[in-house]
Amino acid sequence: AGDCKAKYELGECYYFGEGVEKDYEKAVELFKSVANLEEEDYNGDWDNLYWDVDLAKYLLGELYYYGEGVEKDYKQAVYWFSRSDNENATKLLADCYYYGFGVEVDFCKAFKYYKDAAIACHPEAQECLDRMLKEPHFNQDGEIIYFEELL
């Protein structure tokens, strides 16, 4: 009947294979219909739906990042991760900037996103942040980047 919360929850069922056979393509379709919602497009309780919309953005990014249900597309992954407030999305967005997946390598942006995810208590992001503080990284001009200044 077009209920957005139900679409998200059904997408999760297909994503995780809960009660139905795992089907990433159906999950992508359902998550897209929810992830593109904006508060002004929704007539219900936005605060109640916001987290589903945000998770749909993160999970879409993950599906594109790993190529599940869609062709692997790091640019699409970056697009969806950057629209999500989820700390897992932020950590994977940092990985994209660190390794140049779908974007130019940018250690300063990677550091910023690792830091944001680390503040949200993401353990892998905390490890990546620690690694970046201990190992030398260089900008495009070959100059060392001092990440301590970005703390």
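Taking the condition touching a residue at least 24 places away in the same chain (Cβ under 8 Å) and open to solvent by 70 Å² or more (accessible area, probe 1.4 Å), does residue 29 pass? I'd like the intermediate steps shown before the answer.
On the way: touching a residue at least 24 places away in the same chain (Cβ under 8 Å): no; open to solvent by 70 Å² or more (accessible area, probe 1.4 Å): yes.
Here the answer is no, as residue 29 does not meet what is asked.
Go through region 75-119 and count every residue that is part of a helix (DSSP H, G or I), in contact (Cβ under 8 Å) with a residue 12 or more places away in the chain and under 11 Å from the mean Cα position of the chain (by Cα). Quick ask: steps written out before the conclusion?
In the first step, residues of region 75-119 are kept if they are part of a helix (DSSP H, G or I); the result is 75-82, 87-99, 107-119.
Checking which are in contact (Cβ under 8 Å) with a residue 12 or more places away in the chain leaves us with 75-81, 87-98, 107-117.
After this cut, where a residue has to be under 11 Å from the mean Cα position of the chain (by Cα) as well, the list is 76-81, 87-96, 113, 117.
Matching residues across region 75-119 total 18.
Got a sec? Which of 101, 111, 147, 107 is in contact with a helix residue (DSSP H, G or I) (Cβ under 8 Å, 6 or more places away or on another chain) and closer than 30 Å to residue 29 by Cβ?
Values: 111 fails: closer than 30 Å to residue 29 by Cβ; 147 fails: closer than 30 Å to residue 29 by Cβ; 107 fails: closer than 30 Å to residue 29 by Cβ.
One residue alone meets the criteria, 101.
Please go through region 120-145 and pick out each residue that is open to solvent by less than 30 Å² (accessible area, probe 1.4 Å) and part of a helix (DSSP H, G or I).
125, 128, 129, 132 - these are the residues of region 120-145 that are open to solvent by less than 30 Å² (accessible area, probe 1.4 Å) and part of a helix (DSSP H, G or I).
Report the residue count in region 15-25 for those that are touching a residue at least 12 places away in the same chain (Cβ under 8 Å) and open to solvent by less than 50 Å² (accessible area, probe 1.4 Å). Before the answer, list the steps.
To start, the set of residues in region 15-25 that are touching a residue at least 12 places away in the same chain (Cβ under 8 Å) comprises 15, 23-25.
If we keep only those that are open to solvent by less than 50 Å² (accessible area, probe 1.4 Å) as well, we get 15, 23.
So the count comes out to 2.
Here are the criteria: (1) closer than 17 Å to residue 80 by Cβ; (2) open to solvent by less than 30 Å² (accessible area, probe 1.4 Å); (3) out of contact with any Gly (no Cβ under 8 Å at 6 or more places or on another chain). Tell me which single one residue 12 does not satisfy.
The failed condition is (2).
For the condition more than 25 Å from residue 11 (Cβ to Cβ), of a type outside the set (A, V, I, L, M) and out of contact with any Asp or Glu (no Cβ under 7 Å at 6 or more places or on another chain), what is the one hit in 147, 81?
Details: 81 fails: more than 25 Å from residue 11 (Cβ to Cβ).
Residue meeting the stated conditions: 147.
What single numbered condition from (1) at pLDDT 95 or above; (2) loosely packed, with under 15 Cβ neighbours inside 10 Å fails to hold for residue 81?
Residue 81 satisfies all of (1) at pLDDT 95 or above; (2) loosely packed, with under 15 Cβ neighbours inside 10 Å except (2).
Report whether or not residue 148 is part of a helix (DSSP H, G or I), open to solvent by 50 Å² or more (accessible area, probe 1.4 Å) and over 21 Å from residue 55 (Cβ atoms). Walk me through it before giving the result.
Working: part of a helix (DSSP H, G or I): yes; open to solvent by 50 Å² or more (accessible area, probe 1.4 Å): yes; over 21 Å from residue 55 (Cβ atoms): yes.
Taking the combined requirement at face value, the residue satisfies it.
With 70, 53, 28 as the choices, which residue is over 10 Å from the mean Cα position of the chain (by Cα), modelled with pLDDT under 95 and at negative phi?
Numbers: 70 fails: modelled with pLDDT under 95; 28 fails: modelled with pLDDT under 95.
One residue alone meets the criteria, 53.
Sort out which residues of region 41-78 are crowded, with 17+ Cβ neighbours inside 10 Å and either aromatic (Phe, Trp, Tyr) or within 22 Å of residue 129 (Cβ to Cβ) (or both), and write them in order of number.
Correct list: 58, 61, 62, 64, 65, 74, 77, 78.
The values are calculated or read from the model by the stated rules, or taken from the named source; none is laboratory data. These numbers come from a predicted model, not from an experiment. Cβ sites come from the backbone with ideal geometry, for glycine too, and all protein chains shown count toward neighbours. SASA here: full protein model, heavy atoms, side chains in, ligands and nucleic acids out. Shrake-Rupley method; radii C 1.70, N 1.55, O 1.52, S 1.80 Å.
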